[in-house]
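Below is one structure, written out as structure tokens; comments come after it.
The values are calculated or read from the model by the stated rules, or taken from the named source; none is laboratory data. Since we're looking at a predicted model, the values are computed, not measured. Cβ placement follows ideal geometry from the backbone for every residue including glycine, while neighbour counts extend to all protein chains displayed. Just the protein is used for accessible areas: all its heavy atoms, side chains included, with ligands, DNA and RNA removed. Shrake-Rupley method; radii C 1.70, N 1.55, O 1.52, S 1.80 Å.
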Amino acid sequence: MENYPDLQSRSIDDLIRNLNTLPESVRSAVRNQGGGHFNHSIFWTVMSPNAGGEPTGAIATVVNEVFGGFENFKTRFNDAGTKHFGSGFVWLVRTADNKFDDCPWSEGHYPIMCNDVWEHAYYLTYQNRRPEYLKQ
Ligand SMILES: [Fe+2]
């Protein structure tokens, strides 16, 4: 990136959402390293050992309307994390047409919450029991 000082003033959100505007020589590094940074930045703000419980307000309305209730949402979200092939993140995003689904935020969707399903997030405590980790 030191060869591209104009990129240093752009936010990580801008860089990730507009990968096609970056020089090809840095695109993969920005997607992989920058994406990892941004994913974890969201993860640390939405996950907490002392938080949780049922959502309230507008998000509760959406969870009820789109997923048929919080228990259904949790089942679907954790199922997506369990079935995620390999390492990565599972997401709840708002899509451009205001539907909620789990899919990558870099496709122009607005990220709401995520969970880290890289092995480093759970392996020391849960080994290969990813579903158990997701339920915590
Ligand atoms: Fe992680």
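Of these, VAL62, VAL30, VAL66, VAL26, which one is closer than 22 Å to TRP118 by Cβ, surrounded by 12 or more Cβ atoms within 10 Å (Cβ to Cβ) and without any contact (Cβ under 8 Å) to a residue 40 or more places away in the chain?
Only one candidate passes the filter, namely VAL30.
Picking from ASN32, ASN72, which residue would you name as being outside any loop (DSSP other than H, G, I, E, B) and under 20 Å from PRO131 (Cα atoms)?
It is ASN72.
How many of the residues in region 2-23 are surrounded by 14 or more Cβ atoms within 10 Å (Cβ to Cβ) and part of a loop (DSSP other than H, G, I, E, B)?
Here the count works out to 2.
Can you pull out the residues in region 87-136 that are surrounded by fewer than 12 Cβ atoms within 10 Å (Cβ to Cβ), within 16 Å of the ligand (Cβ to nearest atom) and either modelled with pLDDT of 90 or more or not in a loop (DSSP other than H, G, I, E, B) (or both)?
Across region 87-136, the qualifying residues are HIS120, LEU124, THR125.
Mind listing whichever residues of region 35-48 are open to solvent by 40 Å² or more (accessible area, probe 1.4 Å), part of a helix (DSSP H, G or I) and either within 13 Å of the ligand (Cβ to nearest atom) or of a type in the set (A, V, I, L, M, F, W, C) (or both)?
Hits for region 35-48 are HIS37, HIS40, SER41, TRP44, VAL46.
So the check is Cβ under 6 Å with 6+ separation or different chains; which pairs have a first residue in region 112-136 that's touching a residue at least 12 places away in the same chain (Cβ under 8 Å) and within 24 Å of ASP13 (Cα to Cα) and a second one that's open to solvent by 40 Å² or more (accessible area, probe 1.4 Å) and of a type in the set (Val, Ile, Thr)?
Taking only residues 6 or more apart or on different chains, the pairs are MET113/VAL46.
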